[in-house]
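**Q** Dropping a structure here in structure tokens format, bear with me for questions.
The values are calculated or read from the model by the stated rules, or taken from the named source; none is laboratory data. These numbers were taken from a predicted model, which means no experiment stands behind them. Every residue, glycine as well, gets a Cβ built from its backbone with ideal geometry; the counts of neighbours run over all protein chains shown.
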Amino acid sequence: MKAGWRKGIVVMVLILAVALFAGSFWQKEQQKVYSRDIFAMDTYFVIRAYGPYAGDALALCEQEVQRLEQAFSVTDANSDVARLNRGECIVPGEDTGKLLGEALRLCEATNGALDISLYPILKEWGFTTGDYQVPEAAKLRELLAYVDYRELPAAQENPDGPGNPENTDNTENSENRGMQLPKGMEIDLGAVAKGYTGDCLIEQLRSEKVSSAILDLGGNIQVLGTKPDGSDWRVAVKNPFDPAKQIGVVAVSDKAVITSGGYERFFEQDGKTYWHILDPQTGYPSERGLLSVTVVGDRGVECDGLSTALFVMGTEDAVEYWRGNARFEMILVTVDGRLLVTEGLQDSFTCSEEWNAEFIYRDEFEK
Ligand code: AMP
Ligand code: MG
């Protein structure tokens, strides 16, 4: 009997030791970190992913970034976007089709504050090449005639007509219909492409069994899950007056935190600053009182499109838009130095010492 007890205890201790060993091994595996720097979409991407599967997943992420860049780039002559801009009739690839659909929905939802057909005007300012200039007012007026997302073919419902004549698999299936831009119109998906890419990468990481990762896609931050220790990711929001500093930190898991700011791309002429976010109504940089807009939400593509659009709308319209849309939260910095934070971030936003956050509420009269 005594010997049986002893044997039982030994077996139990052994099982416990194996379990403890396996547990700590697994914990160590989960904390393994892999990181990759990629230059793409005219900026630096840094992807950090944790866990035993992260190394292989990152290699696939790099391929995914290159694939998407080849589809969306305005400068790569073979990209879907460049071909459309040359006036070709093409059947856009699956991702271009999806991103165009998302972008047009956001152009519509923001009443044209986001307008992907701004490209002729962006070129005139030199924001596409870095050869900056302030265009002649008459030239801008002339080019504005080609800016209107509602004229873009995918925006029209159920376009009839034949499929792409160049498409060998040219059935009557609507999926196979060719697409061509009206003469003179050109598009640029720069305001939404990084957010869409972030969503694809998060999806890729998930499908490769990675449950913890942080993506910095040229300042667009997207996080998968929590940190490996289970705590929230802490994402710094830049101070647009001095981007080396921060206005605060937002604690998030499974979210996109995406900023559009006048400081990201700009030039100065005769003492005046001109930035890269333009008002599609005027063709000039949008100056409606905002210096940066950070949008926090579930989907990168939506946060990316909205951050650009809300910047264009300006403080009052941005707040009104937020009140009518429950799906995101935002942090605004105004040109006169106010920091406005929506109520959904009350518990997750920590303000830097030199800043004072004013919270805004869905119900205007709540304080
Ligand atoms: P983001 O950094 O996401 O705010 O995107 C800014 C980029 O989007 C610019 O560099 C332009 O390529 C493009 N852009 C600027 N203004 C607009 C606008 N009102 N609608 C759509 N795209 C824009
Ligand atoms: Mg954007």
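**Q** Taking the residues in the stretch 138-148 that are in a helix (DSSP H, G or I) and of a type in the set (A, V, I, L, M) as candidates, determine which candidate is farthest from residue 183 (Cα to Cα).
**A** Step by step, filter the stretch 138-148, then rank; the result is 138.
**Q** Still on this structure: Those residues that are in contact with a Leu (Cβ under 7 Å, 6 or more places away or on another chain), in a helix (DSSP H, G or I) and farther than 23 Å from residue 120 by Cβ, I need them from the stretch 307-336; list them, please.
**A** 315, 318, 321
**Q** Right, next: If I ask for residues that are in a loop (DSSP other than H, G, I, E, B) and within 18 Å of the chain's Cα centre (by Cα), which ones from the stretch 50-93 would you list?
**A** As a first pass, look at the stretch 50-93 and keep what is in a loop (DSSP other than H, G, I, E, B): 51-53, 73-79, 86-89, 91-93.
The answer is 73, 74.
**Q** Continuing with this model, one more query. Can you find a residue in the stretch 19-37 that is touching a Lys or Arg at 6+ places or on another chain (Cβ under 8 Å), assigned to a helix (DSSP H, G or I) and buried (at least 17 other Cβ atoms within 10 Å of the Cβ)?
**A** No, every residue in the stretch 19-37 fails to be touching a Lys or Arg at 6+ places or on another chain (Cβ under 8 Å), assigned to a helix (DSSP H, G or I) and buried (at least 17 other Cβ atoms within 10 Å of the Cβ).
**Q** Okay, next question. Can you name the residue in the stretch 94-137 that is outside any helix (DSSP H, G or I), aliphatic (A, V, I, L, M) and within 16 Å of ligand 2 (Cβ to nearest atom) and is also surrounded by the most Cβ atoms within 10 Å (Cβ to Cβ) among such residues?
**A** Start the filter on the stretch 94-137 by keeping residues that are outside any helix (DSSP H, G or I), which leaves 110-115, 126-136.
From what's left, aliphatic (A, V, I, L, M): 113-114, 134.
So of that shortlist, the ones also within 16 Å of ligand 2 (Cβ to nearest atom) come out as 113-114.
Numbers: 113: 26, 114: 28.
The qualifying residue surrounded by the most Cβ atoms within 10 Å (Cβ to Cβ) is 114.
**Q** Can you run down the residue pairs with Cβ atoms below 8 Å, 6 or more apart or on separate chains, where the first is in the stretch 298-314 and more than 20 Å from residue 334 (Cβ to Cβ) and among the aliphatic types (A, V, I, L, M) and the partner is part of a helix (DSSP H, G or I) and near ligand 2 (Cβ under 8 Å from one of its atoms)?
**A** Here the result reads 301/195, each pair linking the stretch 298-314 to a residue that is part of a helix (DSSP H, G or I) and near ligand 2 (Cβ under 8 Å from one of its atoms).
**Q** Quick one: which residue in 273, 259 is within 14 Å of ligand 2 (Cβ to nearest atom), in contact with a Gly (Cβ under 8 Å, 6 or more places away or on another chain) and part of a strand (DSSP E or B)?
**A** Of the residues listed, the single one that is within 14 Å of ligand 2 (Cβ to nearest atom), in contact with a Gly (Cβ under 8 Å, 6 or more places away or on another chain) and part of a strand (DSSP E or B) is 259.
**Q** Would you point out the residue of the stretch 296-345, among those that are more than 16 Å from ligand 1 (Cβ to nearest atom), among the acidic types (Asp, Glu) and within 19 Å of the chain's Cα centre (by Cα), that is farthest from residue 223 (Cα to Cα)?
**A** The selected residue is 329.
**Q** A further question follows. Could you please find all residues in the stretch 256-285 being under 15 Å from residue 333 (Cα atoms) and modelled with pLDDT under 95?
**A** Of everything in the stretch 256-285, those that are under 15 Å from residue 333 (Cα atoms) and modelled with pLDDT under 95 turn out to be 261, 262, 263, 264.
**Q** Follow-up question, since we're still on this one. Is it the case that some residue within the stretch 259-282 is under 16 Å from the mean Cα position of the chain (by Cα), under 24 Å from residue 341 (Cβ atoms) and more than 15 Å from ligand 1 (Cβ to nearest atom)?
**A** So far as the stretch 259-282 goes, no, none of its residues is under 16 Å from the mean Cα position of the chain (by Cα), under 24 Å from residue 341 (Cβ atoms) and more than 15 Å from ligand 1 (Cβ to nearest atom).
**Q** Additional query: For the list (1) assigned to a strand (DSSP E or B); (2) away from ligand 2 (no atom under 15 Å from the Cβ); (3) in contact (Cβ under 8 Å) with a residue 12 or more places away in the chain, I need the number of the one condition that residue 283 fails.
**A** All conditions pass for residue 283, except number (1).
**Q** Can you tell me which residues in the stretch 229-247 are touching a Phe, Trp or Tyr at 6+ places or on another chain (Cβ under 6 Å) and crowded, with 16+ Cβ neighbours inside 10 Å? It would help to see each step written out before you state the result.
**A** Of the stretch 229-247, the ones touching a Phe, Trp or Tyr at 6+ places or on another chain (Cβ under 6 Å) are 240, 243, 247.
Hits for the stretch 229-247 are 240, 247.
**Q** I would also like to ask the following. What are the pairs with Cβ atoms under 8 angstrom where one residue, in the stretch 346-362, is acidic (Asp, Glu) and the other, located anywhere, is in a strand (DSSP E or B)? Sequence gap at least six, or different chains.
**A** So the pair list comes out as 358/339; 358/340; 358/341.
**Q** Quick check on my filter: what residues within the stretch 304-327 are under 16 Å from residue 257 (Cα atoms), out of contact with any helix residue (DSSP H, G or I) (no Cβ under 6 Å at 6 or more places or on another chain), within 13 Å of ligand 2 (Cβ to nearest atom) and not polar (S, T, N, Q)?
**A** 306, 309, 311
**Q** Still on this structure, please answer the following. Restricting attention to the stretch 255-288, which residues are exposed (fewer than 15 other Cβ atoms within 10 Å of the Cβ) and either of a type in the set (Asp, Glu) or at positive phi (or both)?
**A** 268, 270, 271
**Q** Can you tell which of 244, 213, 236 is without any contact (Cβ under 8 Å) to a residue 12 or more places away in the chain and more than 16 Å from ligand 2 (Cβ to nearest atom)?
**A** Testing whether each residue is without any contact (Cβ under 8 Å) to a residue 12 or more places away in the chain and more than 16 Å from ligand 2 (Cβ to nearest atom) leaves just 244.
**Q** Out of the residues in the stretch 212-227 that are modelled with pLDDT of 95 or more and in a loop (DSSP other than H, G, I, E, B), which is surrounded by the most Cβ atoms within 10 Å (Cβ to Cβ)?
**A** Only one residue tops the list, namely 212.
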